[in-house]
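K.L.:
Shown below is the structure under consideration.
The values are calculated or read from the model by the stated rules, or taken from the named source; none is laboratory data. Remember, it's a predicted structure, so these values are computed and weren't measured experimentally. Because the Cβ atoms are built from the backbone with ideal geometry, glycine has one as well, and the counts that use them run over all protein chains shown.
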Amino acid sequence: MTEPSKLHGNKLLASLAEPLLAAVAERVTVLETARDQVVHRSGEPMDRVTFPLRGLFSLVVADPLGSFTSIATVGREGAIELAPALGSVPAPTEIVCLIAGEIAQMKTEDLRDLIDRSPPFQSSIFRYLGARFVDCVEVSACHRLHPLEARMARCLLTTRDRIEQDEFPCTHELLAGMLGASRPKVTLTIDALEQVGLIRHRRGTMRILDPIGLEAMTCGCYAAIRTAFLAAAVAIG
């Protein structure tokens, strides 16, 4: 059985009262995840819900030519594959581990039971999904309307918020997929942000040196996303 305290790594699970958290601990499977590991492939049955405890995970849409675009990232603030548990049709996405970490997985039917038993937890789930909706809308608009420097600043700060660290693994190729941009343009943008002292990128590791300055580079999308998730977190807490 998983130690209930271990599940405090996920903010949604940490919102549960101790008796319910202990019951959940008996039903989850905790797994280590490696960078680039595919946690779920598009088309496979979604019979489990994934709660990240550490690391960062991406919902990815791939095309037949092999390119991919990240439509959302999820860290310890949330959960993945919630749609079937709530009676909705799942999105045709793959779930890929971007930053190595740890997940707790629960059968979809067990999550349905948990939601029925705990109205406060149900409220937490819906508030989180509301924040996720804001995230998806803002990112979609941002990709279409705003310059690459602003989009990259938003992406880096959002990653920082998800994992609560200033330094994290990050390659040019990964950023290109997350931003829907070519690798050469991503390289030029990283260089530009480095030259003004906002970030440092060395050997596949990104470090945010000046988060306030980086936030000044963003459009309004980052502020809207951050506000939505902060509101959901306050409700959960």
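K.L.:
Determine, yes or no, whether Arg54 is of a type in the set (Lys, Arg) and either farther than 21 Å from Arg27 by Cβ or crowded, with 19+ Cβ neighbours inside 10 Å (or both).
P.N.:
So Arg54 fails the test.
K.L.:
Looking only at region 91-101, decide whether some residue is modelled with pLDDT under 90, over 16 Å from His40 (Cα atoms) and surrounded by fewer than 21 Cβ atoms within 10 Å (Cβ to Cβ).
P.N.:
no
K.L.:
Okay, moving on. Does region 64-83 include one or more residues that are assigned to a strand (DSSP E or B), of a type in the set (A, V, I, L, M) and surrounded by fewer than 17 Cβ atoms within 10 Å (Cβ to Cβ)?
P.N.:
No, region 64-83 has no match at all.
K.L.:
Another question, if that's okay. Just the residues that are in a helix (DSSP H, G or I), in contact (Cβ under 8 Å) with a residue 24 or more places away in the chain and of a type in the set (A, V, I, L, M), please, taken from region 206-232.
P.N.:
Leu214, Met217, Ala224, Ile225, Ala228, Ala231, Ala232 - these are the residues of region 206-232 that are in a helix (DSSP H, G or I), in contact (Cβ under 8 Å) with a residue 24 or more places away in the chain and of a type in the set (A, V, I, L, M).
K.L.:
Oh, and also: Scan region 18-48 for residues that are modelled with pLDDT under 85, exposed (fewer than 14 other Cβ atoms within 10 Å of the Cβ) and not charged (D, E, K, R) and jot them down.
P.N.:
Gly43, Pro45
K.L.:
Same structure, new question: How many residues does region 61-81 hold that are in contact with a Pro (Cβ under 9 Å, 6 or more places away or on another chain) and modelled with pLDDT of 85 or more?
P.N.:
8
K.L.:
Does Leu21 satisfy the criteria of being on the phi < 0 side of the Ramachandran plot and not in a helix (DSSP H, G or I)?
P.N.:
Considered against the rule, which asks whether it is on the phi < 0 side of the Ramachandran plot and not in a helix (DSSP H, G or I), Leu21 comes out as no.
K.L.:
Within region 121-134, identify whether any single residue is touching a strand residue (DSSP E or B) at 6+ places or on another chain (Cβ under 6 Å) and closer than 25 Å to Arg35 by Cα, and answer yes or no.
P.N.:
Scanning region 121-134, I find no residue that is touching a strand residue (DSSP E or B) at 6+ places or on another chain (Cβ under 6 Å) and closer than 25 Å to Arg35 by Cα, so the answer is no.
Yes/no per residue for (1) under 18 Å from the mean Cα position of the chain (by Cα); (2) touching a residue at least 40 places away in the same chain (Cβ under 8 Å); (3) within 17 Å of Cys221 (Cβ to Cβ):
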| site | (1), (2), (3) |
| --- | --- |
| Ala131 | yes, yes, yes |
| His143 | yes, no, yes |
| Glu149 | no, yes, yes |
| Thr159 | yes, yes, yes |
| Glu167 | yes, yes, no |
| Leu174 | yes, yes, no |
| Ser182 | no, no, no |
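K.L.:
Which residue out of Leu157, Leu145 is out of contact with any Ser or Thr (no Cβ under 6 Å at 6 or more places or on another chain), surrounded by fewer than 21 Cβ atoms within 10 Å (Cβ to Cβ) and closer than 14 Å to Thr227 by Cα?
P.N.:
Leu157
K.L.:
Let me ask you something else. Is there a residue being more than 30 Å from Glu18 (Cα to Cα) and modelled with pLDDT under 90 anywhere in region 110-118?
P.N.:
No, because not a single residue in region 110-118 is more than 30 Å from Glu18 (Cα to Cα) and modelled with pLDDT under 90.
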